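Inspection log for the structure reproduced underneath, given as structure tokens.
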Amino acid sequence: MTDHRAAIETMGVTKVYGTGSAQVTAVNEVSVQIYGGQFTCVMGPSGSGKSTLLHLIAGLDSATSGEVVVAGETITEMDDKTLSHFRRDHIGFVFQAFNLLPTMTAEQNILLPTKMAGGKVDRQWFNDLTGALGLSDRLSHRPYEMSGGQQQRVAVARALLNRPAVLIADEPTGNLDTKASAEVLGLLRDAVRNLGQTVVMVTHDDEAAAYGDRIIEMQDGRIIADSALKGA
Ligand code: ADP
């Protein structure tokens, strides 16, 4: 269900890398609202600023100017320590590389960030989540004993365990075959539809973007198109 309050709002956010002749404006005065409970896809050619915008809204990169507000908090004003706590408590990440620890089981990987943060694991939610992601019978397996699709589902479970305000996904199907991609995208869409999760995903894949409620298209650091598309 769409929550028409913005889960994320950027106001003239800009990121400039380098200086002098090597200067690149990766994101150029982008102002956008991303609504809660929606699956928003960010598309555009390589180098158009998609990942940089995603990193700015996730607080993984600092803006050169402008503001970013996530879940009502202005993250561009936070110091590093406050920001890292904010990220831990409110933002989930899924990347192209699954980033699982090879010596740990699926269950240990899913629980690791919560345990490292000294948080309490909601066992019921863990069971519901891993069940919904089709991982119940894989929890004692290590990453090398799982397919790419299963590993990415573990990464999705790890990202959702904390019930983040926003799930940020950067090319999450980039290492997956067509079938596993469809599975992972379907699960992300289900998290939006059934749990009201807010998801923002960067992809260059039209088929992946078709799972989204809305597609934002970037070019040269700016948003050049923004359409509300119905999910597949
Ligand atoms: P996309 O995700 O659409 O491929 P990026 O956000 O990665 O685009 O990059 C946008 C532009 O910013 C590109 O020209 C890229 O070379 C540049 N860029 C990205 N990250 C850095 C960095 N850490 N240092 C210098 N330039 C960067």
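Tabulated data
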read-out	value
Test: residue in region 127-146 that is open to solvent by 50 Å² or more (accessible area, probe 1.4 Å) and under 30 Å from MET11 (Cβ atoms)	no
Region 168-182: number of residues that are surrounded by fewer than 23 Cβ atoms within 10 Å (Cβ to Cβ) and in contact (Cβ under 8 Å) with a residue 40 or more places away in the chain	4
Failed item, numbered, when VAL200 is tested on (1) surrounded by fewer than 19 Cβ atoms within 10 Å (Cβ to Cβ); (2) under 14 Å from TYR35 (Cβ atoms); (3) among the aliphatic types (A, V, I, L, M)	(1)
Residue identified as part of a loop (DSSP other than H, G, I, E, B), under 25 Å from ALA209 (Cα atoms), within 16 Å of the ligand (Cβ to nearest atom) and in contact with a helix residue (DSSP H, G or I) (Cβ under 7 Å, 6 or more places away or on another chain) among GLY59, GLY134	GLY59
Evaluation of ARG163 against (1) buried (at least 16 other Cβ atoms within 10 Å of the Cβ); (2) within 13 Å of the chain's Cα centre (by Cα) (one fails), failing number	(1)
Residue within region 216-228 that is farther than 23 Å from VAL13 by Cα and of a type in the set (D, E, K, R) present	no
Residues of region 1-19 that turn out to be of a type outside the set (Phe, Trp, Tyr) and within 13 Å of the ligand (Cβ to nearest atom), as a count	6
Residue tally, condition open to solvent by less than 50 Å² (accessible area, probe 1.4 Å) and in a loop (DSSP other than H, G, I, E, B), over region 105-126	4
Of the criteria (1) in a helix (DSSP H, G or I); (2) touching a strand residue (DSSP E or B) at 6+ places or on another chain (Cβ under 6 Å), which one GLY212 fails	(1)
Test: ILE216 is among the β-branched types (Val, Ile, Thr) and open to solvent by 40 Å² or more (accessible area, probe 1.4 Å)	no
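Here's the yes/no breakdown for (1) free of Cβ contacts under 8 Å to residues at least 12 places away in the same chain; (2) surrounded by fewer than 14 Cβ atoms within 10 Å (Cβ to Cβ); (3) polar (S, T, N, Q):
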residue: GLY18; (1), (2), (3): yes, yes, no
residue: SER21; (1), (2), (3): yes, yes, yes
residue: VAL24; (1), (2), (3): yes, yes, no
residue: GLU29; (1), (2), (3): no, no, no
residue: TYR35; (1), (2), (3): no, no, no
residue: LYS50; (1), (2), (3): no, no, no
residue: LEU53; (1), (2), (3): no, no, no
residue: ILE57; (1), (2), (3): no, no, no
residue: VAL68; (1), (2), (3): no, no, no
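Results for (1) open to solvent by 70 Å² or more (accessible area, probe 1.4 Å); (2) in contact with an Asp or Glu (Cβ under 7 Å, 6 or more places away or on another chain); (3) within 15 Å of the ligand (Cβ to nearest atom), shown as yes or no for each residue.
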position	(1), (2), (3)
VAL42	no, no, yes
LYS81	yes, no, no
ASP89	yes, no, no
PHE98	no, no, no
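The values are calculated or read from the model by the stated rules, or taken from the named source; none is laboratory data. Here the structure is a predicted model, which is why all the values come from computation and not from measurement. As a convention, Cβ positions derive from the backbone with ideal geometry for all residues, glycine included, and neighbour counts pool all protein chains shown. The accessibility values were calculated without ligands, DNA or RNA, using every heavy atom of the protein model including side chains. Shrake-Rupley method; radii C 1.70, N 1.55, O 1.52, S 1.80 Å.
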